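Enquirer: Once you've had a glance at the structure underneath, I'll fire off some questions.
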Amino acid sequence: MSTLFDANDFRIPPGILHLCAGGKTPALHALDGALGRYLADKSDGPAGDARQEAMVARLRDKLAAGWGCAMEEIGLVSSVAEGVAMLAESLEWTEGDEVVLADIEYPSLAAPFAMRPGVTLRVAEGPGGVAALVGPRTRVIAVSSVSFLTAERVDLHALRALADGVGALLVVDHTQAAGWARIEAGVADFAFAACYKWMLGISGIAVAYWNRVRQPDWAPRSAGWYSMAVQGRPDWTQPFALVPDAMRFCRGNPNHAGVYALDAALDYLARHEGIEAHVLALAGELRARCLAAGLPMMTPENHGASVCLPHPEAARAVRELEARGVLVWNGRGRIRVSFHGYNGEADVAWALAALKGVFSVRSASASSPEA
């Protein structure tokens with residue numbers, strides 16, 4: 001299997017195997033021009049400002065097409081953490097209300113709910129344990145469609161049915177899926193995604209989805225000039241309205257540089273068909289070869305675009321892999337190998353050989369008399 005993208009389109013140094021899509025992807029060279037256009041428009045007064053706002057609308061339209069929803073349901077925030085925090089603070093909580101999530105959930109989705117006074121977190125063992133904890137006090141089921149820790153894919157329709165059964169919100173983080181997987185936004189009440197991973201954008205911008213059919217009366221508890229419906233001189237003695245769409249998530253200027261970059265990145269992704277099949281095939285092949293080689297495995301059969309291997313000295317192992325020219329991601333006791341379109345079949349063999357090396361070093365160290 002050859003690569004789907006031309007690796008020369010990216011800032012990947014020669015001789016380097018880049019397997020960090022689940023953390024941060026290499027930047028497209030096309031972003032140089034996109035950011036240059038932003039700087040030119042920023043410098044061009046009112047006419048340039050109008051072009052910036054037109055780019056925001058253009059990006060939202062593309063995101064909506066990719067997520068299968070209306071443009072009005074797509075907003076922009078600085079990060080998933082900001083969007084989830086705005087949502088958590090907007091809800092009317094009663095003492096004893098519960099939020100159900102997995103013990104391996106990412107902090108950006110879990111921490112904002114954990115900080116709310118009176119909210120009880122019900123923490124399940126893995127995504128598979130969530131269903132057993134859902135009950136009459138459940139207000140929110142919070143889940144990543146693909147786990148950052150194990151790369152497990154979650155059955156969102158099953159969780160939707162559970163949420164509907166108790167009148168709870170389903171809040172989804174699509175960060176580990178957006179950019180390679182088809183996103184079905186409407187299964188959730190609210191959904192978010194960072195844009196600097198498989199979407200090939202930059203940091204400081206994230207997608208915020210508001211299901212206006214399921215939650216028509218939702219409004220945040222905070223606002224700024226950008227999220228106000230009227231842009232004239234306000235009368236602060238009177239109530240004011242928010243913009244009617246999901247841009248009420250965006251209280252101040254959106255990250256216009258991030259908007260231009262993501263717009264160019266989405267254009268690039270749109271020129272390549274079969275990304276999902278490509279990355280799943282590569283991840284599946286590496287997972288199978290790792291298992292055949294006897295390497296430890298965290299990633300289940302229903303996986304995303306990453307393969308995660310537990311390692312007691314993951315930070316050291318990742319540094320050793322980097323020294324061998326293989327860039328992977330470290331954190332929370334595991335090595336994460338992530339594929340995108342610039343990877344191909346040859347990269348699977350290269351990655352496997354490198355992984356065998358760091359695990360054999362560990363085995364040799366453990367069996368040494370001095371160990």
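Enquirer: Would you confirm, using the coordinates I've provided, whether Tyr209 is of a type outside the set (D, E, K, R) and more than 14 Å from Ile74 (Cα to Cα)?
Expert: no
Enquirer: What about Asn330, is it buried (at least 17 other Cβ atoms within 10 Å of the Cβ) and either of a type in the set (Phe, Trp, Tyr) or at pLDDT below 95 (or both)?
Expert: Yes; evaluated as a whole, the condition is true for this residue.
Enquirer: One residue is enough: does region 321-332 have a residue meeting the conditions without any contact (Cβ under 8 Å) to a residue 24 or more places away in the chain, in a helix (DSSP H, G or I) and not assigned by TED's automatic domain parsing to the domain that holds Leu149?
Expert: Yes, that holds for at least one residue.
Enquirer: Let me ask something additional. Is it the case that Glu125 is of a type outside the set (Lys, Arg) and free of Cβ contacts under 8 Å to residues at least 12 places away in the same chain?
Expert: No; evaluated as a whole, the condition is false for this residue.
Enquirer: If you go through region 1-41, how many residues are in contact with an Asp or Glu (Cβ under 8 Å, 6 or more places away or on another chain) and not in a loop (DSSP other than H, G, I, E, B)?
Expert: 5
Enquirer: Just to be sure, is Ala185 touching a strand residue (DSSP E or B) at 6+ places or on another chain (Cβ under 7 Å), buried (at least 22 other Cβ atoms within 10 Å of the Cβ) and in the same structural domain as Ala158 (by TED's automatic domain parsing)?
Expert: Answer is yes for this residue.
Enquirer: Considering only residues that are assigned to a loop (DSSP other than H, G, I, E, B), basic (Lys, Arg) and buried (at least 20 other Cβ atoms within 10 Å of the Cβ), which ones fall in region 218-261?
Expert: To start, the set of residues in region 218-261 that are assigned to a loop (DSSP other than H, G, I, E, B) comprises 218-224, 229-241, 243-245, 250-255.
With basic (Lys, Arg) added as a condition, the list becomes 221, 233, 251.
Arg251, the sole residue that qualifies.
Enquirer: Please go through region 85-101 and give me each residue that is of a type in the set (Val, Ile, Thr) and either outside the structural domain of Arg122 (by TED's automatic domain parsing) or in contact with a Ser or Thr (Cβ under 6 Å, 6 or more places away or on another chain) (or both), ordered by number.
Expert: Listed by number, the list holds a single entry, Val100.
Enquirer: Taking region 64-109 as the search range and keeping residues that are polar (S, T, N, Q) and over 13 Å from the mean Cα position of the chain (by Cα), which one is farthest from Phe192 (Cα to Cα)?
Expert: Thr94
The values are calculated or read from the model by the stated rules, or taken from the named source; none is laboratory data. The structure presented is a predicted model; accordingly, all values stated were derived computationally and were not measured. A quick note on method: Cβ atoms are made from the backbone with ideal geometry, for glycine too, and the neighbour counts reach across all protein chains shown.
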